[in-house]
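A.B. asks: Sharing a structure with you now.
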Amino acid sequence: MTAAGRTNYDEMLNEDGSVRPAYADFRNWYDSQDKAWLKRQDAEAERFFRRIGITFNVYGNEAAEERLIPFDMIPRIITAREWRKLTRGIEQRVRALNAFLQDLYHRQEIIRSGRLPIGALRDNEAFLSQMIGMTPPGGVYTHIVGIDLVRTGPEEFMVLEDNARTPSGVSYMLENRETMMAMFPELFTKIPVRPVSDYPRRLARSLRACAPPAFKGSGRPTVAVLTPGIYNSAYFEHAFLADQMGAELVEGSDLRVVDGRVAMRTTTGFKAIDVIYRRVDDDYLDPLSFQPDSVLGVAGIMDVYRSGGVTIANAPGTGIADDKAIYSYMPEIVEFYTGEKPILSNVPTWRCSEPDALAYVLDNLSELVVKEVHGSGGYGMLIGPTSSKKELADFEAKLRARPDNYIAQPTLSLSTVPIFTKEGLAPRHVDLRPFVLVSPEGIDITPGGLTRVALKKGSLVVNSSQGGGTKDSWVLDE
């Protein structure tokens, strides 16, 4: 499907059917391979993922369902020149996001200037009053960021979402690459692809660099990954990253506050932790500060955090930066904090909380994509062009009842890349989530990221929870 009749940009093929330079070497290799062998390799990739347990949980009305992550073995390829532009834009955006969070929880100059309305914060559940006046160690709020990008043309990359709370998917990026290297080792001798396998080492180094200053000189900082537990949709990733980093994997029940520090239970007693890479939502971090019935966090952790006794990555309260209503102000935010025009554009966005915008959205609902302001994972959204009359009517009722809960965007003509099918290569829509590490030492962007692909023909929904899959992302060396 295309938006408003426009033609999708195909990343592998020119309009005349010739192969674009980025894919030339890969396509030559692919055309020389026995197709029966490729089908066997495709089946082997699925068996590999099943053997090592690369799964995720899907939540619904019934008990959580564990599913295999669909993997497509045709890589998504990005040239070095394209990647240079993307990294400049990503770095600019991440710098602006951190400056924005520092400002919001202190002087709120962007609101005083009139560039951001106070209504964007008032009653916004992602804004934490407990963080007002608090500066995290090193001044870093978003230690790990995932920037969701879509491509609509040869030079047109746009930011679809900012993931500044607890971005997930990096384990799938790493396993996709390992799978490709195991199945097709000769490809990596023919094509100069930049590596991603050192991400866990870089993540560990970045997190250690964010340790509280008071404890940096007392030896190697202790890092732990805080997980909600085995029933969380991303538990595979939590365990994978802890193992790869050589960090501790802990749950809230493993931790307590001892002598002003957050400490984990060990066979020899409690051991203090310097940095907690938390994969637990803000509301459940501390029952004394947030949800009083939470058993996922640690009672008193916020007091330790405010006193400088531990680093929490990402910082509590960062969710305001990936709120979809705040997203609509990102061009102004980037310019306000960097003094530069955004290198990467936003997708045009209507804030349904505004009467004129709501009227437009209601009049054009069948042509738009509507999302919940705090939604994620593809849940709670409407894709107008593929929705039935009943679905449109039901969603119209939701919009009228709670307009401030939604934003709307045009149905973009997302780029396509090839996937492997029984009939051969076929185009499917994709997005890209590069992963960014931030520490006082600087900003580190992993070359590539997670490409999510809509495996159903014509579908624009790439989320794995909604039937999408993943593929390896190649950034070519110079």
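A.B. asks: Want the number for Asp356 to Asp293: 0.36 nm per residue separation, take away the alpha-carbon distance, what's left?
C.D. replies: On the way: separation 63, 0.36 × 63 = 22.68 nm, distance 4.07 nm.
Full-extension gain reported as 18.6 nm.
A.B. asks: With no solvent and one point on each alpha carbon, what is the Debye value of log10 I(q)/I(0) for the range 376-419 at q = 0.29 Å⁻¹?
C.D. replies: -1.23
A.B. asks: Let me ask something additional. Output the Cα-based Rg and Dmax of the range 406-478 in Å, rounding Rg to one decimal and Dmax to a whole number.
C.D. replies: 15.1, 50
A.B. asks: Then there's this: Roughly speaking, what is the stretch gain from Ala36 to Ser253, that is 0.36 nm per residue apart minus the C-alpha to C-alpha distance, in nm to one decimal?
C.D. replies: Gain on stretching Ala36 to Ser253: 73.0 nm.
A.B. asks: Subtract the Cα-Cα distance of Thr338 and Lys190 from 0.36 nm times their separation in residues, and report this length gain in nm to one decimal.
C.D. replies: Values: separation 148, 0.36 × 148 = 53.28 nm, distance 4.06 nm.
Extra length from Thr338 to Lys190 when fully extended: 49.2 nm.
A.B. asks: Which far-off residues, 5 or more places away or on another chain, put their amide H under 5 Å from the one on Glu161, with H placed in the peptide plane?
C.D. replies: Asp148
A.B. asks: Convert each backbone phi in the range 315-328 into a coupling constant with the Karplus relation 6.51 cos²θ - 1.76 cosθ + 1.60 (shift: θ = phi - 60°), then list the ³J(HN,Hα) values in order as whole Hz, x for Gly and Pro.
C.D. replies: Here the 3J(HN,Hα) series is 5, x, x, 6, x, 4, 7, 10, 4, 6, 6, 4, 3, 5 Hz.
A.B. asks: Then there is this: Keeping to pairs on different chains or 8 or more places apart, tell me how many lysine pairs in the range 280-420 have Cα atoms under 19 Å apart.
C.D. replies: On the way: Lys324/Lys371; Lys324/Lys398; Lys371/Lys389; Lys371/Lys390; Lys371/Lys398; Lys389/Lys398; Lys390/Lys398.
Lysine pairs meeting both conditions in the range 280-420 amount to 7.
A.B. asks: Could you give P(r) for the chain, binned at 10 Å from zero, as whole percent values over all Cα-Cα pairs?
C.D. replies: Per 10 Å bin, starting at 0, the Cα pair percentages come out as 4, 19, 29, 27, 15, 5, 0.
A.B. asks: Where does the range 200-294 land on Rg/Rh, using Cα atoms and the Kirkwood Rh?
C.D. replies: Rounded to two decimals, Rg/Rh equals 0.95.
A.B. asks: In the range 77-182, which trypsin sites (Lys or Arg not before Pro) fall in coil by DSSP and have 15 or fewer other Cβ atoms within 10 Å?
C.D. replies: Arg107, Arg115, Arg122
A.B. asks: Then there is this: 7 Å from Cα along Cα→Cβ at both Arg122 and Arg51: what's the point-to-point distance in nm?
C.D. replies: In this crude spin-label approximation the distance works out to 6.0 nm.
A.B. asks: Ok, one more. Just flag the GluC sites (Glu not before Pro) in the range 301-362 sitting in loop per DSSP whose Cβ has no more than 12 other Cβ atoms within 10 Å.
C.D. replies: Glu340
A.B. asks: Can you give the % of DSSP beta bridges in the chain that are antiparallel, to the nearest 5?
C.D. replies: Details: 51 of 69 bridges.
Within the chain, antiparallel bridges account for around 75 percent of the total.
Bear in mind that the values in this text are calculations on the coordinates, not laboratory data. As the structure is a prediction and not an experimental result, all values here were calculated from the model. Backbone-built Cβ (ideal geometry, glycine too); neighbour counts: all protein chains shown.
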